[in-house]
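Participant: Mind looking over this structure? Questions follow.
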Amino acid sequence: MQCSGIAVTVDLPHAVARLRAARLARSVKPFLARGGPKGERCNGCRLLSTHCLCTLRPDVPTRVGMCLLMADIEPLKPSNTGWLIADVVADTFAFGWARTEVDPALLALLSDPQWQPYVVFPREFADDARVVHEVTHNNDNKRPLFILLDGTWDEARKMFRKSPYLQNFPVLSLHPEQLSRYKLRRAQSEAHLCTAEVGAMCLALTEDTQAAEALNAYFDVFTEHYLKAKQQLPVDLADDVHLRLQAATHAV
């Protein structure tokens, strides 16, 4: 099954929301999120309505693009953090990944001359000739397009190995200075960052400083709202993480 990649629209908040809607439309049974709060979720942020995040969504300028290749049910998971990237980065595109099919819209995006794609993945899985550690500023004014493989670690490795249309692009290898802050799913290793954390590092690398800070703070606020909803506890909109998000959103 194919899912079209769709940029931000007025009908739904962004590309991941559209991808989620398309995936739900072809589901034969309801998707039940494991371990999530019971009750009706907000369509805008996927959280319990009592812990809605929509009014806190950052509005900051960004220069880069993000291309999310998402494993089959990843857009349906309330714990998915690629959604947060789409909330912050206006030029976010999302595509469902399948081994035997590729969305023509994805190929069109990757060949669009305004973009310079980078596959963001650890260097040990790529040929040395493809690996880069920084974004090149060319004279052709191409904008960086970061391709993030959004799924479990095993799914991401499969996408990296079995996507021939990605093989001619440089592989951007990041070097996080701290362990992952992700608390919503069990990871194979604390060294494996979640998608939002990787997106924030890409933004920082291209000197989209405000957007990087906003995404990092927004991720922490999302985590707090998600966990407090599970615990049936209220959130404090004046605590440190909320104040940090407010400061990042309104930074000059």
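The values are calculated or read from the model by the stated rules, or taken from the named source; none is laboratory data. As the structure is a prediction and not an experimental result, all values here were calculated from the model. For neighbour counting, all protein chains shown are included, and Cβ atoms are generated from backbone atoms with ideal geometry for every residue, glycine included. All accessible areas refer to the heavy atoms of the entire protein, side chains included, with ligands and DNA or RNA removed. Shrake-Rupley method; radii C 1.70, N 1.55, O 1.52, S 1.80 Å.
Participant: For L110, indicate whether it is touching a Phe, Trp or Tyr at 6+ places or on another chain (Cβ under 6 Å), touching a residue at least 40 places away in the same chain (Cβ under 8 Å) and under 18 Å from G65 (Cα atoms). Lay out the reasoning, then the answer.
Facilitator: Details: touching a Phe, Trp or Tyr at 6+ places or on another chain (Cβ under 6 Å): no; touching a residue at least 40 places away in the same chain (Cβ under 8 Å): yes; under 18 Å from G65 (Cα atoms): yes.
Answer is no for this residue.
Participant: Now, a different point. Scan the stretch 144-169 and report the pairs whose first residue is under 16 Å from L193 (Cβ atoms) and whose second residue is acidic (D, E) and surrounded by 13 or more Cβ atoms within 10 Å (Cβ to Cβ), with Cβ atoms within less than 7 Å and a gap of 6+ or a chain change.
Facilitator: Every condition considered, the pairs that remain are D150/E74; G151/E74.
Participant: Does A86 fit the bill of being under 25 Å from E213 (Cα atoms), part of a loop (DSSP other than H, G, I, E, B) and in contact with a Ser or Thr (Cβ under 7 Å, 6 or more places away or on another chain)?
Facilitator: On the way: under 25 Å from E213 (Cα atoms): yes; part of a loop (DSSP other than H, G, I, E, B): no; in contact with a Ser or Thr (Cβ under 7 Å, 6 or more places away or on another chain): yes.
Considered against the rule, which asks whether it is under 25 Å from E213 (Cα atoms), part of a loop (DSSP other than H, G, I, E, B) and in contact with a Ser or Thr (Cβ under 7 Å, 6 or more places away or on another chain), A86 comes out as no.
Participant: Can you say whether E207 is at pLDDT 90 or above and open to solvent by 50 Å² or more (accessible area, probe 1.4 Å), as far as the supplied structure shows? Before the answer, list the steps.
Facilitator: Values: at pLDDT 90 or above: yes; open to solvent by 50 Å² or more (accessible area, probe 1.4 Å): yes.
Considered against the rule, which asks whether it is at pLDDT 90 or above and open to solvent by 50 Å² or more (accessible area, probe 1.4 Å), E207 comes out as yes.
Participant: For the stretch 227-244, name all the residues that are open to solvent by 10 Å² or more (accessible area, probe 1.4 Å) and touching a Pro at 6+ places or on another chain (Cβ under 8 Å).
Facilitator: K228, K230, Q232
Participant: For the condition under 18 Å from E155 (Cβ atoms), in contact (Cβ under 8 Å) with a residue 60 or more places away in the chain, open to solvent by less than 50 Å² (accessible area, probe 1.4 Å) and over 17 Å from the mean Cα position of the chain (by Cα), what is the one hit in A94, A105, A71, A98? Let's see the steps before the verdict.
Facilitator: On the way: A94 fails: over 17 Å from the mean Cα position of the chain (by Cα); A105 fails: under 18 Å from E155 (Cβ atoms); A71 fails: over 17 Å from the mean Cα position of the chain (by Cα).
One residue alone meets the criteria, A98.
Participant: If you scan the stretch 175-196, which residues turn out to be closer than 30 Å to S111 by Cβ and either at pLDDT below 70 or open to solvent by less than 40 Å² (accessible area, probe 1.4 Å) (or both)?
Facilitator: Start the filter on the stretch 175-196 by keeping residues that are closer than 30 Å to S111 by Cβ, which leaves 175, 193-196.
Within the stretch 175-196, C194, T195, A196 meet the criteria.
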